[in-house]
């Protein structure tokens, strides 16, 4: 089923991106399941359930990439917050730190992360705005110059240079 809303896997999207193949989601499912089980054994059932939800959702992203991209564009702050549970789960899995300390580190990362993404978003937006305004202004300037400037006249050949055939002063041979 391939419509403009749901391109086939591997089809080119805007800016040269491709939709991920379906097998990619199947590859992520066992990785997510392993991490959920490992976090359940290491910490608790609650952390394992959180890992299953987070990694299961990430495994579904390749299946719904068009919808995820449009959602990300419509909700940039929530899209930025997706990284926060991943930070917590990475700290819980990779380090011997306690869960409250992992949560405190994750909370400490949240505000700077949101600030950085907001600054980047604002710069991209202002750059796009400046590019659009600059393009409009340069188009207007080109149009105005074309209207005010007469068309260029072709150069005329100079026949009055000495020593050239056909000139007024041809030196005697």
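What whole number of Å gives the distance from the Cα centroid of the stretch 19-33 to the Cα centroid of the stretch 46-80?
The stretch 46-80 and the stretch 19-33 have Cα centres spaced 13 Å from each other.
Give the residues of the stretch 99-121 whose amide nitrogen is closer than 16 Å to a point set 7 Å from the Cα of residue 44 in the direction of its Cβ.
99-104
Let's test the formula: R0 of 22 Å, r as the Cβ-Cβ distance of residue 73 and residue 123. What FRET efficiency results, to the nearest 0.05?
Taking R0 as 22 Å, the efficiency between residue 73 and residue 123 is 0.85.
Using a/c under 1.5 as the rounded threshold, could you call the stretch 44-91 rounded, prolate or oblate? The axes a ≥ b ≥ c are square roots of the C-alpha gyration tensor eigenvalues, and prolate needs a/b larger than b/c, oblate otherwise.
It comes out oblate by the Cα gyration axes.
Just grab the label-to-label distance for residue 63 and residue 108, each label 7 Å out from Cα along the Cβ direction, in nm (one decimal).
3.8 nm
What is the extension gain from residue 53 to residue 29, computed as 0.36 nm multiplied by their sequence separation minus the C-alpha to C-alpha distance, in nm to one decimal?
7.5 nm
Read-outs: derived from the displayed coordinates by stated rules, not from any lab. The model shown is predicted, which means the values in this text are computed figures rather than measured ones. Every residue, glycine among them, receives a Cβ derived from its backbone with ideal geometry; neighbour counts consider all protein chains shown.
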